[in-house]
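The values are calculated or read from the model by the stated rules, or taken from the named source; none is laboratory data. Note that this is a predicted model, so its numbers are computed, not measured. Positions of Cβ are generated from backbone atoms using ideal geometry, with glycine treated the same way; all protein chains shown enter the neighbour counts.
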Amino acid sequence: MLKLSEDEARGLDAIYKGVGILALVLGAGWTLTQYFLHRAEERETAAIEARKPFLEKRLQVYDELVVAAATIASSGDGDEVKKAKKQFVILISGPVKVFEDQEVAKAAEDFRKCVGFYNQCQELPASVWAERLASACRVSIGEGWGIVRPLPPKIRVEMR
């Protein structure tokens with residue numbers, strides 16, 4: 001059996017107590033870190049849930065706006081285009097104003113200037129302006145949901 005002097009025993013006892021205290025401090029630090037990380041995650045989830053009704057309605061309004069713009073730009077049916085123009089004007093005069101950001105507002109106004117409203121297409125076909133509007137809506141939706149997304153694809157220019 002190993003015999004220790006009183007000083008050696010006290011030294012080992014101090015080391016063991018020190019290791020125990022260190023383990024206790026590290027465990028408490030880890031627990032506090034996990035607690036605060038979990039709380040931050042809960043706050044983020046609560047913030048998303050609070051914004052969710054607004055973001056879902058924005059998605060719906062943007063969807064209607066983009067469908068109307070695409071119909072105006074690409075449909076050959078005059079009645080369908082007339083109905084889509086009316087829907088587009090209603091949307092940009094009211095619901096879109098509630099949800100739009102600056103880029104969507106600019107893209108909607110550019111499309112409006114081009115397609116039959118002011119007939120100022122600036123040498124680009126209406127389909128390009130509709131695609132720009134759709135891309136602006138896509139970016140706005142992604143930013144609202146906090147989604148990191150790749151850049152929208154380059155808009156092709158097709159001259160008719």
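Some observations on this one:
- Test for Glu131: is it within 23 Å of Arg58 (Cα to Cα), at pLDDT 85 or above, of a type in the set (D, E, K, R) and out of contact with any Cys (no Cβ under 6 Å at 6 or more places or on another chain): yes
- Residues being surrounded by fewer than 14 Cβ atoms within 10 Å (Cβ to Cβ) and either in a loop (DSSP other than H, G, I, E, B) or of a type in the set (D, E, K, R) (or both) - total across the range 91-115: 2
- Residue match in the range 61-68 (condition: assigned to a helix (DSSP H, G or I), of a type in the set (Gly, Ala, Ser) and touching a residue at least 40 places away in the same chain (Cβ under 8 Å)): no
- Among the residues of this structure, Phe88 counts as one that is assigned to a helix (DSSP H, G or I), aromatic (Phe, Trp, Tyr) and closer than 23 Å to Leu124 by Cα.
- For the range 12-47, filtered to residues that are farther than 30 Å from Gly144 by Cα and of a type in the set (D, E, K, R), the residue that is modelled with the highest pLDDT is Lys17.
- Residue match in the range 31-52 (condition: among the aliphatic types (A, V, I, L, M) and either surrounded by 11 or more Cβ atoms within 10 Å (Cβ to Cβ) or not in a helix (DSSP H, G or I) (or both)): yes
- Members of the range 56-81 that are loosely packed, with under 15 Cβ neighbours inside 10 Å and modelled with pLDDT of 90 or more: Glu56, Lys57, Gln60, Asp63, Asp79, Glu80
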